[in-house]
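The values are calculated or read from the model by the stated rules, or taken from the named source; none is laboratory data. Note that this is a predicted model, so its numbers are computed, not measured. Cβ atoms come from the backbone with ideal geometry, glycine included; neighbour counts cover every protein chain shown.
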Amino acid sequence: MKHAINGRIFGNLKGYEASMGERVRWHVTVLGNEQDNHTIHWHGQTVLDHGRRTDVIEVLPASMASVDMVPRSSGNWLLHCHVNDHMTAGMSMRFHVLP
């Protein structure tokens with residue numbers, strides 16, 4: 001079994017770019033069964049989730065969340081699920097923040 005982000009596994013998803021200071025809205029939708037709880041983690045950046053600044057959000061099966069980010073540091077950053085089985089099954093990607 002593989003766990004994917006937009007149908008891609010192990011960082012093979014291209015095209016996620018933003019500029020420092022640009023407001024970015026992330027929409028996260030979780031499909032699957034009752035075992036597919038996800039803890040989505042952004043490296044190097046934080047998001048605003050219901051008034052709370054964090055770098056990890058929890059998303060339950062058959063649900064979705066929207067969070068806002070204003071990138072404050074440039075570079076290539078990792079986004080992945082913190083559930084160990086999901087990480088080892090490919091649920092990771094990189095996003096690029098331009099200076």
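Name the one entry in MET87, MET1 that is modelled with pLDDT under 95 and surrounded by 13 or more Cβ atoms within 10 Å (Cβ to Cβ).
The match here is MET87.
Which one of the conditions (1) without any contact (Cβ under 8 Å) to a residue 12 or more places away in the chain; (2) surrounded by 11 or more Cβ atoms within 10 Å (Cβ to Cβ) does GLY7 fail to meet, given that it meets all the rest?
Exception for GLY7: condition (2).
Taking segment 70-99 only, how many residues are farther than 20 Å from GLY11 by Cα and of a type in the set (A, V, I, L, M, F, W, C)?
Adding up the residues that qualify gives 1.
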